[in-house]
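Data block below; observations after.
The values are calculated or read from the model by the stated rules, or taken from the named source; none is laboratory data. If you're wondering where the values come from, they're calculated on a predicted model, not measured in any experiment. Here the Cβ positions follow ideal geometry from the backbone for every residue, glycine too, while neighbour counts run over all protein chains shown.
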Amino acid sequence: MKKIKIKNSSQEFPIGKIVCVGRNYAEHAKELGNVVPEKPLIFIKPSSAVIYSGEEIVYPDFSNEMHHEVELVLLIGKTIKNVDEKSAEDAIIGYGVGLDMTLRDIQSDLKKKGHPWTIAKCFDNSAVLSDFILKENYKLTMNEEISLLVNGSTKQKEKLNKMIFSPSQIVEYISSLMTLEKGDLVFTGTPAGVGKVEKGDGLFGELEGIAEIKVSVK
């Protein structure tokens, strides 16, 4: 079972489900030619997709266009269902940075056919995670900057306050659709600047003041 590691602590959380939000930054929606959503766009990744900072992303042999998407990731600390925004905020107990790796060629083909995106989002190594920091040790202001460098060149860089839906709004909405449990993770969406990675690339993601992530593609 995959686990979340907490910074400067021996505490660990077994990972449950991974709920992800698409198109949560307006500029990212526009760069892919998508409409800005009125509600969070939700999809799921399995915990088997998780790898950690310092490991390698294996390029799937059934795709020719894997994209990087750096994101704030929330750690859920208790079971909630149909909660209000305050209770949703209370259920978030930690923060990390993650990469939602996406097979854009597969996704585009599936969208054209009206099929689910599952294959493009749930492959092995598609959810890369940093260590997490507990909310009790860090107060998120939403003025933090999230960024991604590929081979030392900045590709994504944005303030968290550019999100369309805030972390508490996202968790509130997800709880109206499904039960969230202790150890579940929520990927909150990626800013503009997503792009293709190649074998041999080095990726460095950072969430200012919170966490860093470093992986290579093979």
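For Gly22, indicate whether it is at pLDDT below 95 and under 24 Å from Thr154 (Cβ atoms).
Yes; evaluated as a whole, the condition is true for this residue.
Being among the polar types (S, T, N, Q) and either in contact with a strand residue (DSSP E or B) (Cβ under 7 Å, 6 or more places away or on another chain) or modelled with pLDDT under 95 (or both) is the filter here; which residues of segment 43-78 pass it?
Selection gives Ser47, Ser53, Ser63.
Does Ile119 fit the bill of being aliphatic (A, V, I, L, M) and either in contact with a Gly (Cβ under 9 Å, 6 or more places away or on another chain) or surrounded by fewer than 21 Cβ atoms within 10 Å (Cβ to Cβ) (or both)?
yes
Would you confirm, using the coordinates I've provided, whether His28 is part of a strand (DSSP E or B) and buried (at least 17 other Cβ atoms within 10 Å of the Cβ)?
No: the conditions fail for His28.
Tally up the residues in segment 171-209 that are of a type in the set (S, T, N, Q) and buried (at least 17 other Cβ atoms within 10 Å of the Cβ), please.
Result for segment 171-209: 3.
Only residues in segment 1-28 that are free of Cβ contacts under 8 Å to residues at least 40 places away in the same chain and over 26 Å from Leu41 (Cβ atoms) count as the first member; pair them with residues that are part of a loop (DSSP other than H, G, I, E, B) and among the aliphatic types (A, V, I, L, M), Cβ under 7 angstrom, at least 6 apart or cross-chain, and list the lot.
Lys3/Ile15
Give the residue that is nearest to the chain's Cα centre (by Cα), with candidates limited to residues of segment 202-218 that are among the small types (Gly, Ala, Ser) and closer than 15 Å to Leu134 by Cα.
Ala211
How about segment 159-170: which of its residues are farther than 19 Å from Ile93 by Cβ, surrounded by 19 or more Cβ atoms within 10 Å (Cβ to Cβ) and not aliphatic (A, V, I, L, M)?
Selection gives Phe165 alone.
Being over 29 Å from Asp109 (Cβ atoms) and out of contact with any Cys (no Cβ under 7 Å at 6 or more places or on another chain): is that true of Leu140 here?
yes
Go through (1) in contact with a Ser or Thr (Cβ under 8 Å, 6 or more places away or on another chain); (2) in a loop (DSSP other than H, G, I, E, B) one by one and return the number of the condition Lys86 breaks.
It is condition (2) that Lys86 fails.
Residue pairs, Cβ under 7 Å, 6 or more apart or interchain, first in segment 88-100 and touching a residue at least 60 places away in the same chain (Cβ under 8 Å) and farther than 20 Å from Glu208 by Cβ, second among the hydroxyl-bearing types (Ser, Thr, Tyr) and surrounded by fewer than 24 Cβ atoms within 10 Å (Cβ to Cβ). List them.
So the pair list comes out as Ala88/Ser168; Ala88/Ser175; Glu89/Ser168.
Within segment 33-60, which residues are free of Cβ contacts under 8 Å to residues at least 40 places away in the same chain, outside any strand (DSSP E or B) and either of a type in the set (D, E, K, R) or out of contact with any helix residue (DSSP H, G or I) (no Cβ under 8 Å at 6 or more places or on another chain) (or both)?
Once the filter is applied, which keeps residues that are free of Cβ contacts under 8 Å to residues at least 40 places away in the same chain, outside any strand (DSSP E or B) and either of a type in the set (D, E, K, R) or out of contact with any helix residue (DSSP H, G or I) (no Cβ under 8 Å at 6 or more places or on another chain) (or both), segment 33-60 yields Gly33, Asn34, Glu38.
With respect to the numbered conditions (1) touching a residue at least 60 places away in the same chain (Cβ under 8 Å); (2) buried (at least 19 other Cβ atoms within 10 Å of the Cβ), which one is the sole condition not fulfilled by Glu212?
Among (1) touching a residue at least 60 places away in the same chain (Cβ under 8 Å); (2) buried (at least 19 other Cβ atoms within 10 Å of the Cβ), the lone unmet condition for Glu212 is (2).
A quick yes/no check of all residues on (1) of a type in the set (Val, Ile, Thr); (2) surrounded by fewer than 21 Cβ atoms within 10 Å (Cβ to Cβ); (3) closer than 22 Å to Lys199 by Cα:
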{"residue": "Ser47", "(1), (2), (3)": "no, yes, no"}
{"residue": "Asp61", "(1), (2), (3)": "no, yes, yes"}
{"residue": "Glu89", "(1), (2), (3)": "no, yes, no"}
{"residue": "Thr102", "(1), (2), (3)": "yes, no, yes"}
{"residue": "Ile106", "(1), (2), (3)": "yes, no, yes"}
